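Below: one structure, written as structure tokens.
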Amino acid sequence: MTPTTGSAFDRSLRLSIRLIPFVGIVGTIISTVVDVLTPGGHFGDDLLANSILWMIGVQGWMTGCGHMFFGEPIAESIGWPAKTPWQWEVGLASLATGVLGVMASGFGKEFWLATIIAFAVFYLGAAVGHVREMVVNRNFAPGNAGPIFFFDVIVPIYLIVLYVVVV
């Protein structure tokens, strides 16, 4: 059964699409505050580890599952056609970086770097695609030119700089 446009499920799904870019930031802030207030906490390491977990890991699981299982409203929010293979592929790539982000806490800082690099290549590359859509097709849909675009640009740069400063 497909939810009808305007249903409570549909409205909730569309709202969650708008909020997903902020989940990683909020999770990072809360978990870092808790870690720093815990005896033995180290701000730099805690901030980096939590950023990888939340901004890459949790965010990747959410966006991956979103593209894979709720493709139509996400495609609509981006201004792209729905029901095409690109969504499953983007979903798997997001899920892959999400898995790396969640796994990273169990490994050393070299694994953190590899995770950040994989994430940065994927998300900065996606940002280039969004810019192309804005310039060539004048696509300023919220999912193309809104918060997710800024997430695609700012978060990889933030993680690279943070890694260089902390490690």
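Bear in mind these aren't lab numbers, they're just calculated from the coordinates by the rules spelled out. The shown structure was predicted, so the numbers you read here are calculated from the model rather than taken from an experiment. Here Cβ is always computed from backbone atoms with ideal geometry, including for glycine, and neighbour counts include all displayed protein chains.
Its residues counted as N, segment 44-166 yields a C-alpha radius of gyration over 2.2 N^0.38 Å of 1.07.
Here segment 44-166 is assigned +1 on the Cβ of each Lys and Arg and -1 on the Cβ of each Asp and Glu. Its dipole about the Cα centre then comes out at about 200 debye. I'd like the distance between the alpha-carbon centres of segment 91-112 and segment 124-167, rounded to an integer number of Å. With segment 91-112 and segment 124-167 each reduced to a Cα centre, they are spaced 19 Å.
Between the beta carbons of ILE157 and GLU72, assuming R0 = 30 Å, the FRET efficiency works out to 0.45 to the nearest 0.05.
Could you work out how much longer the chain between LEU124 and GLU110 gets when fully extended? Use 0.36 nm per residue separation minus the Cα distance between them, nm to one decimal.
Working: separation 14, 0.36 × 14 = 5.04 nm, distance 2.07 nm.
Contour length minus Cα-Cα distance gives 3.0 nm.
In this rough spin-label picture, where each label sits 7 Å from Cα along the Cβ direction, the VAL23-CYS65 distance is 0.7 nm. Over the residues of the chain, the helix contribution to mean residue ellipticity at 222 nm works out to -26000 deg cm²/dmol, using -39500 (n - 2.57) for each DSSP H run of at least 4. Can you give me the relative contact order of the chain as a percent, contacts being Cα pairs under 8 Å and 6 or more apart? Relative contact order of the chain: 23 percent.
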